[in-house]
Amino acid sequence: MKNHKVMNDQILQTNKRFSHLKGSQKERIATEFYRLYHEKMIERRTTRKLPPKQRETVIEALSEAIQGRDIWISYIEVGK
């Protein structure tokens, strides 16, 4: 049980990777990331890759959206 943690009466796997998620969960995360990233690109009026600080804000917003849907995946894995 070294890779598990009890939160809200549920056992969560702490070393879960993106590939371990269900297909529907992967699809939701991908579409949400696409939406957030392109909103930030439109805001900055660019078609190039976002700078690291802006990418970090997108990843933070994506992480909050994932947790709001009760999908648990580590922040580091979301960043990858």
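Modelled label-to-label distance, ASP70 and ARG28, 7 Å Cα→beta-carbon offset: nm?
About 0.9 nm, to one decimal.
Provide the solvent-accessible area of MET41, counting protein heavy atoms only and rolling a 1.4 Å probe, rounded to the nearest 10 Å².
Surface open to solvent at MET41 totals about 20 Å².
Where does the chain land at 222 nm, in deg cm²/dmol rounded to the nearest 500, when only DSSP H runs of n ≥ 4 count, each adding -39500 (n - 2.57), divided by all residues?
-18000 deg cm²/dmol
For the chain, which whole percent of the accessible surface, found with a 1.4 angstrom probe, sits on carbon and sulfur atoms?
Numbers: 3150 of 6430 Å².
Heavy-atom surface of the chain belonging to carbon and sulfur, 1.4 Å probe: 49 percent.
Accessible area of HIS4, 1.4 Å probe, to the nearest 10 Å²?
About 80 Å², ignoring ligands and nucleic acids.
Any idea what diffusion coefficient the chain gets from Stokes-Einstein, in µm²/s, Kirkwood Rh on alpha carbon pairs, 37 °C, 0.692 mPa s?
Values: Rh = 13.8 Å.
After rounding, the answer is 238 µm²/s.
With r as the distance between the Cβ atoms of VAL6 and ARG35 and R0 = 35 Å, compute the FRET efficiency 1/(1 + (r/R0)^6) and round to 0.05.
About 0.60, to the nearest 0.05.
With a 1.4 Å probe and all protein chains kept in place, how do TYR75, TYR37 rank by accessible area, largest first?
Putting TYR75, TYR37 in descending order of accessible area: TYR75, TYR37.
Nearest 10 degrees is fine. How inclined is helix 23-44 to the longest principal axis of the chain, computing both from alpha carbons?
Here the helix axis deviates by roughly 30 degrees.
Averaged per residue, what accessible area in Å² does the chain show with a 1.4 Å probe, protein chains only?
Ligands and nucleic acids excluded, the result is 80 Å² per residue.
The values are calculated or read from the model by the stated rules, or taken from the named source; none is laboratory data. This one's a predicted model, so the numbers in the text were calculated from it and none came from an experiment. When we count neighbours, we look across all protein chains shown, and the Cβ atoms used for this are built from the backbone with ideal geometry, even at glycine. Each accessible area value is taken on the protein alone, full model and side chains, heavy atoms only, with ligands, DNA and RNA left out. Shrake-Rupley method; radii C 1.70, N 1.55, O 1.52, S 1.80 Å.
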